[in-house]
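Asks: I'd like to ask you about the structure that follows.
The values are calculated or read from the model by the stated rules, or taken from the named source; none is laboratory data. Treat the numbers as computed from the prediction; the structure is a model and nothing was measured. Please note: Cβ atoms are built from the backbone with ideal geometry, for glycine as well, and neighbour counts cover all protein chains shown. Quick note on the areas: whole protein, heavy atoms, side chains included, nothing else; ligands and nucleic acids left out. Shrake-Rupley method; radii C 1.70, N 1.55, O 1.52, S 1.80 Å.
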Amino acid sequence: MVMRTRSGRAGRRAEGAGAKPQAKPQAKPQAKPGTKRSGTRAPRTMARRVLRGASIAMGVALAVLALLQSWYLVQVLWLTQFDPGSTSFMSDRLERMREKDPKARLKQRWVPYAQISPHLGRAVIAAEDARFTIHEGVDWEAIEKAIGDNLRKGRVVRGGSTITMQLAKNLFLSGERSYLRKAQEVAITYMIEAVMSKRRILEIYLNVAEWGEGVFGAEAAARHYWNVPASQLGPNQAATLAAMLPRPRYFDRNRDSPLLARRVEFVQRWMGGVALP
């Protein structure tokens, strides 16, 4: 009995010694803190590059815009002391005229403000910008009223541009119709109003405004239509020039137009109460 028990124990010990030990399951390696999987790294890297590129592009665009506005401001400052020899609009008109006639020339002669009839200044303000002496360049009330009138009529019957806005466009910009050009026109308008007196603004305007086919400025217009200097323009003649401003080339060809006659009558009625700057 005793011997059998010992041998049973010994057998079990021998079986246990011959059995292979079972391998422990290996744990999956853990990612180190701060490391990223390759599957998410590429999209995030691409997003950073896109944002960096967009930031650089925006910075360049803002720098270019700032340089452009600085250039306009320098030109406006120069015009406070010196008279413009030409304007962007005049150059454009001359180019168009020379497409038909290579020898075409503009008629324009600068004269000081004191040598322009005060009747013309009053007539132009009455016809184009009744609040010229009191607004700061952009007459938002006039623009709102013009939009309302145009919507009621279903077509453009009037604009809201002030004398200063027209001057900004004529001096520097093209005739293109776009929101971007209009925004630039407004920016230049405020520059002009910030550094020029109303008298200087009106002086430049009267010397560069278009008054017929190739006719620019009060002096050239007075001689073109009546063969007199700008200083000798009477009330009716001044009212006629002011009435022509919206469509000068058309009225140059149609001087007996009933529309022009009605506009002249209105301008003469309004100009009497206009105060000059």
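Asks: Counting other Cβ atoms within 10 Å, which trypsin sites (Lys or Arg not before Pro) in segment 83-113 have at most 10 and lie in a DSSP loop?
Replies: Lys103, Arg105
Asks: Residue-wise, which Karplus ³J(HN,Hα) couplings in Hz belong to segment 180-188, taking 6.51 cos²θ - 1.76 cosθ + 1.60, θ = phi - 60°, and x for glycine or proline?
Replies: Those phi angles translate into 5, 5, 5, 5, 5, 4, 5, 4, 5 Hz.
Asks: Trypsin sites (Lys or Arg not before Pro), restricted to segment 232-265: which are DSSP loop and have at most 14 other Cβ atoms within 10 Å?
Replies: Sites meeting the loop and neighbour criteria: Arg255.
Asks: Classify segment 213-277 as rounded, prolate or oblate, taking a ≥ b ≥ c as the square roots of the eigenvalues of its Cα gyration tensor: rounded when a/c is under 1.5, otherwise prolate if a/b is larger than b/c and oblate if not.
Replies: Taking the square roots of the gyration eigenvalues as a ≥ b ≥ c, segment 213-277 is oblate.
Asks: If you count only protein heavy atoms with a 1.4 Å probe, what accessible area per residue comes out for segment 127-277, rounded to a whole Å²?
Replies: The answer is 50 Å² per residue.
Asks: Could I ask something else about it? Which loop trypsin sites (Lys or Arg not before Pro) in segment 155-245, with loop taken from DSSP, have no more than 16 other Cβ atoms within 10 angstrom of their Cβ?
Replies: Within segment 155-245, the qualifying trypsin sites (Lys or Arg not before Pro) (loop, at most 16 other Cβ atoms within 10 Å) are Arg155, Arg158, Arg177.
Asks: Separate question: For segment 86-138, evaluate the Debye formula with one uniform point scatterer on each Cα (no solvent term) and list log10 I(q)/I(0) at q = 0.15, 0.20, 0.27, 0.31 Å⁻¹, rounded to two decimals.
Replies: Summing over Cα pairs of segment 86-138 leads to -0.69, -0.89, -0.99, -1.09.
Asks: Sort segment 53-194 into rounded, prolate or oblate with this rule: let a ≥ b ≥ c be the square roots of the eigenvalues of the Cα gyration tensor; rounded if a/c is under 1.5, and if a/c is not under 1.5, prolate when a/b is larger than b/c, oblate otherwise.
Replies: Since a/c stays below 1.5, the shape of segment 53-194 is classed as rounded.
Asks: Around Ala104, under 12 Å between beta carbons, what's the net of Lys plus Arg minus Asp minus Glu among the other residues?
Replies: Local net charge: +3.
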